[in-house]
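Reading through the structure tokens given below for one structure.
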């Protein structure tokens, strides 16, 4: 009798390499390892060899940087999505895309299930599970880490015992996940909230003390709310993000140390490097404030937080996210222009912006002789604006004597 197949989300790291063997030996399944390249710095041939050595009967490597940028990063950027106002969702976005390919590969290979290496107390299990169920409700989900509670120490020893080559050791037990939009670092000494992250944890950003003394200026061009140029050049979308990661990271911009509220109800200490994401969101938000009306900016700021939480919690394939995307695309029509950003010693500042759609009239804003604002109109405006306040306090006076 032929063995059933399972499609495994394969990163090539410790956990998923070990899971290839566990799914093969303990679950009695033929494993198709699927690696979706969303910007990791890994060698495709090495990944294939590692997966096959671990026991995979097939390996699919999907080049997805352009797809990841246009279909996932850009909609999130339109929402200025920062979970808890800080985290740009690099892991959450990639999980939704990987799940889409897992389901597609499962159907291609006739697999009865999809599997992933998420733990039972992490966020990724929620994202993989919800995305997979939204796309293929009939597909079985296998999550060995959740079912068996496989510790990191056990996984390292298991890999050694079975000759599985993995880029992790007991001496350097950071768990690293990276893609085009950011790099996530956790584990080891980072689990102590009061321990300063060691410099060895970082790879994309320079320490402030080692960053250039002179500020770096980048000019980012936007059309329809999306970045199209960097310092006058127009690279491919994924290349623009990659270049900006290098430039901003050189100046130490993009380090995030967050006490994060996980979906499952616990707090965790999460470290991120996201130079391009932090810079692009700051620049785009500035341009948005420049080109949209006050009421649009106020409502969008609230909906941006709804969007970030929605994606963080695994609801990428929800109708609400679709509706918010439509709203964001509509408002972004005139979010066009250039933004100049100064990068210096770990910080960034928007130092200039220009747009033909800027809702700004110097003759109304200036205090100089060109002033065309009708100052006399302000008195009547204030009287009407405050009428309900005055009438309420006429009935309910506020005491003015000091306590």
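Express in nm, to one decimal, how much length is gained between residue 340 and residue 147 on full extension, taking 0.36 nm for each residue of separation and deducting their alpha carbon distance.
Once the chain is fully extended between residue 340 and residue 147, it gains 64.5 nm.
Between residue 229 and residue 318, what's the calculated FRET efficiency when r is the beta-carbon distance and R0 is 35 Å? Round to 0.05.
0.60
Can you pull the one-decimal nm distance between simple spin-label points at residue 333 and residue 62, each 7 Å off the Cα toward Cβ?
3.4 nm
Extension gain residue 379-residue 267, at 0.36 nm per residue separation less the Cα-Cα distance, in nm? Could you put the intermediate results ahead of the total?
Details: separation 112, 0.36 × 112 = 40.32 nm, distance 5.06 nm.
Between residue 379 and residue 267, full extension yields an extra 35.3 nm.
GNM on the chain, C-alpha springs below 10 Å: top fluctuator among 274, 106, 115?
Of the options given, 106 has the highest mean-square fluctuation.
Distance from a point 7 Å along Cα→Cβ of residue 162 to each backbone N in segment 35-79: keep the residues under 18 Å and list them by number.
The answer is 35, 47-60.
Identify which of 160, 372, 121 has the largest mean-square fluctuation in a Gaussian network model of the chain, with springs joining Cα atoms closer than 10 Å.
For the chain, modelled as a Gaussian network with Cα springs under 10 Å, the answer is 372.
Roughly how many whole Å is it from the C-alpha centroid of segment 258-299 to that of segment 180-230?
If you average the Cα positions of each part, the centres end up 14 Å apart.
Please tell me the relative contact order of segment 177-354 in percent, rounded to the nearest whole number, where contacts are Cα pairs under 8 Å and at least six residues apart.
Values: 299 pairs, mean separation 55.4, N = 178.
Relative contact order comes out at 31 percent.
When only Cα pairs under 8 Å and 6 or more residues apart are kept, what is the percent relative contact order across segment 5-173?
Numbers: 241 pairs, mean separation 46.5, N = 169.
Relative contact order of segment 5-173: 28 percent.
If you stretched the chain out fully between residue 400 and residue 108, how much longer would it get, using 0.36 nm times the residue separation minus the C-alpha to C-alpha distance?
Separation in residues times 0.36 nm, less the Cα-Cα distance, equals 97.6 nm.
When only C-alpha pairs under 8 Å and at least 6 residues apart count, what is the relative contact order of the chain, in percent?
Relative contact order of the chain: 17 percent.
Round to the nearest 0.05 the FRET efficiency obtained for residue 203 and residue 361 when R0 = 56 Å and r is the Cβ-Cβ distance.
On the way: r = 46 Å, r/R0 = 0.83.
Computed FRET efficiency for residue 203 and residue 361: 0.75.
State the Cα centre-to-centre distance between segment 1-54 and segment 348-394 in whole Å.
61 Å
Using a Förster radius of 35 Å, what is the FRET efficiency between residue 298 and residue 214 based on their Cβ-Cβ separation? Nearest 0.05, please.
With a Förster radius of 35 Å, E is 0.40.
Sketch the reach of a paramagnetic label on residue 4 as a point 7 Å from Cα along Cα-to-Cβ, and name the residues of segment 10-35 whose backbone nitrogen lies under 18 Å away.
20-33
Let me know the Kirkwood hydrodynamic radius for segment 177-354, please, with Cα pairs as the basis and the value in Å to one decimal.
For segment 177-354, the Kirkwood estimate is 17.6 Å.
GNM, the chain, Cα, under 10 Å: largest mean-square fluctuation among 111, 136, 378?
So, out of 111, 136, 378, the one fluctuating most is 378.
Can you pull the one-decimal nm distance between simple spin-label points at residue 196 and residue 326, each 7 Å off the Cα toward Cβ?
Taking the two extended label points, one gets 5.1 nm.
Tell me, rounded to the nearest percent, the portion of alpha carbon pairs in the chain spaced more than 32 Å apart.
Result: 44 percent of Cα pairs exceed 32 Å.
Each reported figure results from applying straightforward, stated rules to the coordinates on display, with no laboratory input. Because the structure is predicted, anything quoted here is derived from the model rather than measured. Using ideal geometry, Cβ is built from the backbone for each residue, glycine included, and neighbour counts are taken over all protein chains shown.
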